[in-house]
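Read the structure below first, then the notes.
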Amino acid sequence: MCGIFGVSTPKKDQILEDVYLGLYALQHRGQESAGIAWIDDEAHLQIQKGMGLVHAALNQEKLAKEKTTCAIGHVRYVTAGKSSLINAQPLHASYSKGHVAIAHNGNITNAEGLKRDLESRGAIFQSATDTEVILHLMAHEQNLSPIDALIKSLSKLRGAFSIVALIEGSLVAARDPWGFRPLTIGKRDGIFYVASESCALDIVKASYVRDVRPGEIIIINEGNIKSLNIDTKATRRFRCSFEYVYLARPDSDIDGHSVYDVRLKLGQKLAKTCPCPQGELVLGMPDSGTIGALGYAFTSKLPFEMAIVRNRYVGRTFIQPTRRVRELGVQIKLNPIDNLIRDKKIVVVDDSIIRGTTSKIALRFLREAGAKEIHLRIASPPVKFPCIYGIDTPTSSDLAAAKMDVETLKKHIGADSLCFLDIEDLIGSIDLPEIELCTACFSGNYMEE
Ligand code: SF4
């Protein structure tokens, strides 16, 4: 999972700060590196990239002074290729038809095969990302304009790709024909924006226009927007259901559906299918379990408390230099408020269980804090299969729900009871037909290759 952002203005302007702010709003989608590419006064491509969080990777002051008509940005989460500056995006290339910069969210499932084929035809790859395949495919279409070369290249890809690109002075955005990853369009005072999530439009005060449709390519130049389609035989969609469960920010809308509303519904349905009559208090595992817990408490008519506090300054890049700090890991992030839970039968709502490690440690803290009974409720089905579409979930051998049945998992985690939402209720809460959604990590129903 990564975050992408693009902007196009009819008149040259200081819009790079908007890209910086947009990436800041998308920081939850990637913390390994950040980058921005833009066209300068002499129509040359400029790029600024760095490792770490947006504020550490990019020089806001310098960016704010630059003027341009279009720019793209990226925050990276590692799925293909290790965490290093050479793999940071946007990627750029200059070939016989001009300059191209591209930023990508998702995972191209046939990238390895395409890469081998391109290498056998002389291509030399610089990065270890699947994204670079797109640039090489374009360079091999010598008879086509860069935009047509991109359209043809995208039709050869399988899997998940939402992209923003700078080509021939235009901002180009595209979404794979299956619609795996979100991509949304906004507008403010004639300036067009494209972002992975609508929360990034809010920060630049852009109004929502619409989502990029699965299989659509849009070209934005001088205030005009043109829509084209990727040539595809796709017969159904695979919009990621896990975006609603965990990945996206709750203040985002995806394909017209509010992430907050979906999470609330997940909790409400969970209260109906996994009730806990003996429960005295509902609490959510912060932050992604909190909204589900609110829905659960509301429907089950139980009190809700923010009884676990999350330290917001502990990120993925948190360094664990000593054994003591490593062992404290989860407790540094999550700390229960003892007097709220002491001697109570509590219902803990979490969004999902992946390895089960965090749940196990968190439940131990709750027990130590005096909880009399702990009933764990999960607002999604068991995650039994790895994601191959851009989320770094472990292989099945590391997924707790793939290794253990619910009873064994309950004992392993240390809960008095454990219950998951079923897949029909997940689909019902998102309120899209099943053939519009990907549920592969829950169901094992991957897209046919
Ligand atoms: S496998 Fe799961 S996480 Fe991956 S795209 Fe499908 S629903 Fe989303």
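The values are calculated or read from the model by the stated rules, or taken from the named source; none is laboratory data. As the structure is a prediction and not an experimental result, all values here were calculated from the model. Glycine also receives a Cβ, built like all others from the backbone with ideal geometry; neighbour counts cover every protein chain displayed. Keep in mind that these areas ignore ligands, DNA and RNA; they rest on the heavy atoms of the full protein, side chains included. Shrake-Rupley method; radii C 1.70, N 1.55, O 1.52, S 1.80 Å.
Here VAL383 meets each of (1) more than 23 Å from GLU32 (Cα to Cα); (2) touching a residue at least 24 places away in the same chain (Cβ under 8 Å); (3) surrounded by fewer than 23 Cβ atoms within 10 Å (Cβ to Cβ) with one exception, condition (3). Do we find that ILE361 is over 21 Å from GLN268 (Cβ atoms), in the same structural domain as ILE332 (by TED's automatic domain parsing) and either more than 16 Å from the ligand (Cβ to nearest atom) or assigned to a helix (DSSP H, G or I) (or both) in this structure? Here the answer is yes, as ILE361 does meet what is asked.
Which members of the stretch 147-169 meet the condition of being more than 16 Å from the ligand (Cβ to nearest atom) and open to solvent by less than 10 Å² (accessible area, probe 1.4 Å)? Before the answer, list the steps.
Initial filter on the stretch 147-169 (more than 16 Å from the ligand (Cβ to nearest atom)): 147-156, 163-169.
ALA149, LEU150, SER153, LEU154, ILE163, VAL164, ALA165, LEU166, ILE167, listed by residue number.
Here's the yes/no breakdown for (1) farther than 28 Å from PHE365 by Cα; (2) open to solvent by less than 70 Å² (accessible area, probe 1.4 Å):
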{"residue": "CYS387", "(1), (2)": "yes, yes"}
{"residue": "THR395", "(1), (2)": "no, no"}
{"residue": "LYS403", "(1), (2)": "no, no"}
{"residue": "VAL406", "(1), (2)": "no, yes"}
{"residue": "ALA415", "(1), (2)": "no, yes"}
{"residue": "SER429", "(1), (2)": "yes, yes"}
{"residue": "GLU436", "(1), (2)": "yes, yes"}
{"residue": "GLU449", "(1), (2)": "yes, no"}
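Taking the numbered list (1) surrounded by fewer than 24 Cβ atoms within 10 Å (Cβ to Cβ); (2) on the phi > 0 side of the Ramachandran plot; (3) not hydroxyl-bearing (Ser, Thr, Tyr) in turn, GLY106 passes all entries but (1). Checked against (1) among the polar types (S, T, N, Q); (2) open to solvent by 20 Å² or more (accessible area, probe 1.4 Å); (3) in contact with a strand residue (DSSP E or B) (Cβ under 6 Å, 6 or more places away or on another chain), THR68 passes all but condition (2). With respect to ALA371, is the statement that it is away from the ligand (no atom under 16 Å from the Cβ) and in a loop (DSSP other than H, G, I, E, B) true? Here the answer is yes, as ALA371 does meet what is asked. The set of residues in the stretch 171-190 being assigned to a strand (DSSP E or B) and open to solvent by 10 Å² or more (accessible area, probe 1.4 Å) consists of LYS187, ARG188. Select from the stretch 390-437 the residues that are β-branched (Val, Ile, Thr) and more than 12 Å from the ligand (Cβ to nearest atom) and write down the one among them that is nearest to VAL347 (Cα to Cα). Residue satisfying both the conditions and the ranking: ILE413.
The set of residues from the stretch 294-308 being open to solvent by 70 Å² or more (accessible area, probe 1.4 Å) and part of a helix (DSSP H, G or I) comprises just one member, PHE298. In the set ILE354, ILE337, ILE374, only one residue is under 28 Å from LEU302 (Cα atoms) and open to solvent by less than 10 Å² (accessible area, probe 1.4 Å); that residue is ILE374.
Apart from one condition, THR273 fits all of (1) under 24 Å from the mean Cα position of the chain (by Cα); (2) away from the ligand (no atom under 16 Å from the Cβ); (3) over 30 Å from GLU449 (Cβ atoms); (4) at pLDDT 95 or above; the exception is (1).
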